[in-house]
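The values are calculated or read from the model by the stated rules, or taken from the named source; none is laboratory data. Owing to the predicted nature of the structure, the values given are computational and were not obtained by experimental measurement. Every residue, glycine among them, receives a Cβ derived from its backbone with ideal geometry; neighbour counts consider all protein chains shown. Heavy atoms of the whole protein, side chains included, go into the accessibility calculation; ligands, DNA and RNA do not. Shrake-Rupley method; radii C 1.70, N 1.55, O 1.52, S 1.80 Å.
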Amino acid sequence: MTKLGGTGIVLASNSASRKAMLEAAGVSFTAQAADVDERALEAEMDDADPAEIAQALAAAKAASVSASRPGDLVLGSDSLVEIDGKRFDKPTS
């Protein structure tokens, strides 16, 4: 097993549901919100498949937090809803 150089696993989110999932799985972690303009990234990728957008958002969040957490394993996550080919984004408020 490889030892992490930092403090361990970091969730790149303050999402209550994502925290609850990790806690329910018995994973020890800390959480740190990512500084990512999600709406701007979604706009840049407007014609992309929703799965690709979610993966890009998750990667951007992980990269944002990783910059300040060298040695930690950073978990980025995102989800999008798509029904019949129409993407539904998070509300702005």
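Going through segment 38-80 one residue at a time, which ones are touching a helix residue (DSSP H, G or I) at 6+ places or on another chain (Cβ under 8 Å) and among the β-branched types (V, I, T)?
I53, V74
For every residue, the table says whether it meets (1) touching a strand residue (DSSP E or B) at 6+ places or on another chain (Cβ under 7 Å); (2) modelled with pLDDT of 95 or more; (3) not basic (K, R).
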| site | (1), (2), (3) |
| --- | --- |
| K3 | no, no, no |
| R18 | yes, no, no |
| L22 | yes, no, yes |
| A43 | no, no, yes |
| A59 | no, yes, yes |
| D72 | yes, no, yes |
| D78 | no, no, yes |
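Tally up the residues in segment 52-65 that are touching a residue at least 24 places away in the same chain (Cβ under 8 Å) and out of contact with any Ser or Thr (no Cβ under 8 Å at 6 or more places or on another chain), please.
Looking only at that region, the number is 5.
So which pairs qualify, if the first residue must be in segment 22-40 and open to solvent by 70 Å² or more (accessible area, probe 1.4 Å), the second must be in a loop (DSSP other than H, G, I, E, B) and modelled with pLDDT under 95, the Cβ gap must be under 9 Å, and the two must be at least 6 apart or on different chains?
Between residues of segment 22-40 that are open to solvent by 70 Å² or more (accessible area, probe 1.4 Å) and residues that are in a loop (DSSP other than H, G, I, E, B) and modelled with pLDDT under 95, the close pairs are E23/F29; S28/G8; R39/D89; R39/K90; R39/T92.
Return the residues of segment 45-93 that are open to solvent by less than 40 Å² (accessible area, probe 1.4 Å), among the hydrophobic types (A, V, I, L, M, F, W, C) and within 23 Å of Q32 (Cβ to Cβ); say none if nothing qualifies.
Listed by number, the residues that qualify are I53, A54, A56, L57, A58, A60, A62, V65, V74.
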